[in-house]
Amino acid sequence: MAFLAGPRLLDWASSPPHLQFNKFVLTGYRPASSGSGCLRSLFYLHNELGNIYTHGLALLGFLVLVPMTMPWGQLGKDGWLGGTHCVACLAPPAGSVLYHLFMCHQGGSPVYARLLALDMCGVCLVNTLGALPIIHCTLACRPWLRPAALVGYTVLSGVAGWRALTAPSTSARLRAFSWQAAARLLLHAGVVPDLLWAAHHACPVD
């Protein structure tokens, strides 16, 4: 993959302080670079190259396969479900590619903080938009409850996302998403009896 001769890479001690979050990665750090320098790092070996390409290949795969395999014709008036599913699939790898590619930007810690927030936004979107089609389908036997459940979960996800973006630590970010996990668990626990009943009966027409 080393198509171009890259700059001299740094060891952990010589890397910028905001990039010294993993003491077990001893070397291979890119020096502070301009935007074009960050793009150029796509073509020489360094310790983020694997992260960039694995997320990038996933992004390209989703861009091709998700819209192509979505049963758009069967969704009808619920076509928005397909759109939210596509965005939910694309957001995490897109945010991760930008984060890993530009994390060595010469703008330093402020730019890095924005990139980390962008990466977290991808996680927030997959937890939010990715759940909306599930909630919509879960409430097939209670269509009257769908609007309240979808709006409520979206608002709750906004709060969880804000808490994750402003969290002071990794553990605090994980705790922020526990709100969403609890909401989905309670929702699914409440409708499982409906789903079991629906397996032997016809749900009301939406």
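The values are calculated or read from the model by the stated rules, or taken from the named source; none is laboratory data. Treat the numbers as computed from the prediction; the structure is a model and nothing was measured. Quick reminder, even Gly has a Cβ in these numbers, built from the backbone with ideal geometry, and neighbours come from all protein chains shown.
The table that follows gives values for the structure above.
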quantity	calculated
Residues of the range 9-48 classified as part of a loop (DSSP other than H, G, I, E, B), aromatic (Phe, Trp, Tyr) and under 20 Å from VAL111 (Cα atoms), total	1
Residue satisfying all of: in the range 114-161; hydroxyl-bearing (Ser, Thr, Tyr) and surrounded by 18 or more Cβ atoms within 10 Å (Cβ to Cβ); modelled with the highest pLDDT among these	TYR153
Residues (among the β-branched types (Val, Ile, Thr) and surrounded by fewer than 16 Cβ atoms within 10 Å (Cβ to Cβ)) located in the range 36-86	THR54, VAL64, THR69
Residue tally, condition over 22 Å from GLY79 (Cβ atoms) and of a type in the set (Phe, Trp, Tyr), over the range 120-172	1
